[in-house]
Amino acid sequence: MRLDDRYDELIGALGGFYRTWLVYLGVELGFFQAIRATGDAGLEIDELAFRTSTHPRAVATWAWAADAHGLVHAEGGRITLDAATAEILLDEQRPEYLGGQFAHSVVATLDWDRLVDFFRTGVPIASRPDRYRAAIERVTRQDIAVFFTEGLAALPDLVARLGRGGRILDVHCGGGRWLVAMAQRFPELRLIGIEAEADSIARARQLVEDAGLTDRIRIEMVPRAEVTRPGRFDVIYYQYALHGLPDPAASLRASWEALEPGGSLIVLDWLLPTELEEMRTIHGELIAGVHLDEVFMGAGLRDLDTYRGWFAAAGMADPLVIDLPSGATFIVVERPA
């Protein structure tokens, strides 16, 4: 590659760092939402500052920079937002939703001042602040959209079974959003979420209460290595959780034993690519960054062969693997009836 071409590529990546922060501010402070609400009319800077309880001078700087990065259109004293950008950054029900990814990427890097020490010592970071888990839960809103729009579309028989009711277990449920979404979509279900982090449990219980679903959803605190509850379940679900557990094979084995005949064990995760060329894509770049942050915590994403090995070590049949359009992967095993 020519020097000039490589320079342009790397300076573009540097600009991407600033664009990520501009998106984060626009999502976190409600700028994009407020601009979108006005449609083609847009907002003046003072109006945007008033509606979002922010400082006009700071908002003016953000609008100027966001326009430079192609995030908004600021001209004639008014700021507008195109529909496609709004959908990607704000619409949590779409699998293309990326607002949570931007928020997580910024929040995650606030702890990266210790990354150099990790590389020198090999000792993972001991803990992350509550803000990190809250940011992860914003990322998983995209996972929930992927589950409903892509995952369930690939498993029509599962949809029919869920419609008839049953008991569902969400392993390490985080803030409980998948549980609430499932209860709202399938009114005959009874659901349990287990979680190890106290702050996540508090958010999950509040979400369930706000949704008026305390009679159908129960959130329980468990040690991180624990993956079952008393009783049997028709579906046991791991959403972006299995690869972070201390012993994934043991977790799968325990879940398999708790699964009713005819039940389904489902894993939704984002896997490491197995081909070098697949890594050299935009998707590969993003996965590599997420993987770095996970390794920093002593975990890390895994490739498909590793997942197959966990299922085999748990004494389970080779799972059904479904590559979803978003880039996520559905891994499913059904217990014989």
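Annotation for segment 164-175: at least one member residue is assigned by TED's automatic domain parsing to the domain that holds Val222, without any contact (Cβ under 8 Å) to a residue 60 or more places away in the chain and surrounded by fewer than 18 Cβ atoms within 10 Å (Cβ to Cβ).
Here Ile287 meets each of (1) within 19 Å of the chain's Cα centre (by Cα); (2) not in a helix (DSSP H, G or I) with one exception, condition (2).
Here the condition is being surrounded by 20 or more Cβ atoms within 10 Å (Cβ to Cβ) and either not β-branched (Val, Ile, Thr) or not in a strand (DSSP E or B) (or both); of Val208, Val235, Val267, it holds for Val208 alone.
Restrict the check to segment 109-132 and report whether at least one residue is within 20 Å of Glu87 (Cβ to Cβ), in contact (Cβ under 8 Å) with a residue 24 or more places away in the chain and assigned to a helix (DSSP H, G or I).
Scanning segment 109-132 turns up no residue that is within 20 Å of Glu87 (Cβ to Cβ), in contact (Cβ under 8 Å) with a residue 24 or more places away in the chain and assigned to a helix (DSSP H, G or I).
Leu48 satisfies every condition listed in (1) of a type in the set (A, V, I, L, M, F, W, C); (2) more than 27 Å from Phe148 (Cα to Cα); (3) surrounded by fewer than 16 Cβ atoms within 10 Å (Cβ to Cβ); (4) outside the structural domain of Ile136 (by TED's automatic domain parsing) except (3). Scan segment 310-317 and tell me whether some residue there is within 21 Å of Leu252 (Cβ to Cβ), in contact with a strand residue (DSSP E or B) (Cβ under 8 Å, 6 or more places away or on another chain), surrounded by 14 or more Cβ atoms within 10 Å (Cβ to Cβ) and assigned by TED's automatic domain parsing to the domain that holds Ala135. Yes, because at least one residue in segment 310-317 is within 21 Å of Leu252 (Cβ to Cβ), in contact with a strand residue (DSSP E or B) (Cβ under 8 Å, 6 or more places away or on another chain), surrounded by 14 or more Cβ atoms within 10 Å (Cβ to Cβ) and assigned by TED's automatic domain parsing to the domain that holds Ala135. One residue stands out among those in segment 125-163 that are loosely packed, with under 15 Cβ neighbours inside 10 Å and not aliphatic (A, V, I, L, M): the one that is modelled with the lowest pLDDT, which is Ser127.
The values are calculated or read from the model by the stated rules, or taken from the named source; none is laboratory data. Keep in mind that what you see is a predicted model, and the values were worked out from it rather than measured. Note that we place each Cβ from the backbone using ideal geometry, even for glycine, and neighbour counts take in every protein chain shown.
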